[in-house]
Amino acid sequence: MALADIYVLDHAQSFLGEPIHNLYTYERLGTGSAQDLIDAFQSDMLPAIRTIQASQIKTDYLKAWSLGNLSDMAEEDISSAGLVVDVQMLPVFNAINYSMPSNNREVRGGSKRIAGVPENFQVDGTITDAGYIATLNLLKVAYGAEISVDTTNFWRLSIVKRIKYNPDEARPEHFAYRYPEAGDPLVVAQPRAISLKLKVSHQVSRGN
């Protein structure tokens, strides 16, 4: 597997102008481009995500780029709202949590937290509505499936081990983590089993 086959996709949403970001990493299984990944995500993932979100949450754009091919990048403006209408929404920092444990002990597991939880589908912070739970499970299935808009260019949701580095030489004790670049070791895993948490969680990738 080459670094050029690993892509990052930024699903950018907002609530009353406040940005909400979910970053995904996908492994390219064919010969597709960043635009192909955007098209596949928009076709196979975005509808399932919108189905669980209150209409107060808006998708603004999708952006994708290859980690190894610096010229392969794309962005597409998208104006679409959540599909759960006429409901009160829990505060925007509340979210549905999908846990994604890694199938490789070298890579820590991840999770996705989706904002826009309808208030009337939960009781005391736990999702209780049977129809909504069924819809949440459809998104869980979608997360576990390869995505594509044709018969050759497939994409697989993956977990990429971050590279530890020092962003400030004046603070040698300070470390952060970034995606691998050319020359870095590349360690990639896949979610071993995606699980849905019915306890309402928190979305932290926001603008405030």
Item checked: Every pair of residues 6+ apart whose Cβ atoms lie under 7 Å, when the first sits in segment 2-14 and is free of Cβ contacts under 8 Å to residues at least 12 places away in the same chain while the second is crowded, with 19+ Cβ neighbours inside 10 Å and in a strand (DSSP E or B) -> none
Checklist line | Selected residue (only one of Pro19, Pro47 is farther than 21 Å from Leu157 by Cβ, surrounded by fewer than 16 Cβ atoms within 10 Å (Cβ to Cβ) and modelled with pLDDT of 95 or more) | finding: Pro19
Notebook entry, point to check: Val117: of a type in the set (Val, Ile, Thr), surrounded by fewer than 16 Cβ atoms within 10 Å (Cβ to Cβ) and either farther than 19 Å from Glu27 by Cβ or in contact with a strand residue (DSSP E or B) (Cβ under 6 Å, 6 or more places away or on another chain) (or both), yes or no?
Noted result: no
Margin query: If Ile38 satisfies all but one of (1) surrounded by fewer than 16 Cβ atoms within 10 Å (Cβ to Cβ); (2) of a type in the set (A, V, I, L, M); (3) outside any strand (DSSP E or B); (4) under 15 Å from the mean Cα position of the chain (by Cα), what's the number of the condition it fails?
Written below: (1)
Checklist line | Test result for Asp60, of a type in the set (Asp, Glu) and assigned to a strand (DSSP E or B) | finding: yes
Check: What strands (runs of 3 or more DSSP E), lying completely within segment 162-202, carry at least 3 residues that are in contact with a helix residue (DSSP H, G or I) (Cβ under 9 Å, 6 or more places away or on another chain)?
Finding: 195-202
Margin query: Among the residues that make up segment 67-80, is at least one of them β-branched (Val, Ile, Thr), surrounded by fewer than 21 Cβ atoms within 10 Å (Cβ to Cβ) and in contact with a strand residue (DSSP E or B) (Cβ under 6 Å, 6 or more places away or on another chain)?
Written below: yes
Next item on the list: Answer yes or no: is there a residue in segment 25-35 that is within 22 Å of Ser99 (Cα to Cα) and surrounded by fewer than 22 Cβ atoms within 10 Å (Cβ to Cβ).
Entry: yes
Next item on the list: Give segment 153-180 a look and list any residue that's farther than 30 Å from Asp39 by Cα and in contact (Cβ under 8 Å) with a residue 12 or more places away in the chain, or say none.
Entry: Lys164, Tyr165, Ala176
Margin query: Could you list, ordered by first residue, the pairs with Cβ atoms under 9 Å in which the first is in segment 105-132 and without any contact (Cβ under 8 Å) to a residue 24 or more places away in the chain and within 27 Å of Leu157 (Cα to Cα) and the second is surrounded by fewer than 14 Cβ atoms within 10 Å (Cβ to Cβ) and not small (Gly, Ala, Ser), at least 6 apart or interchain?
Written below: none
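The values are calculated or read from the model by the stated rules, or taken from the named source; none is laboratory data. Keep in mind it's a predicted model, so treat the numbers as computed, not measured. Neighbour counts run over all protein chains shown; Cβ positions are idealised from the backbone, glycine included.
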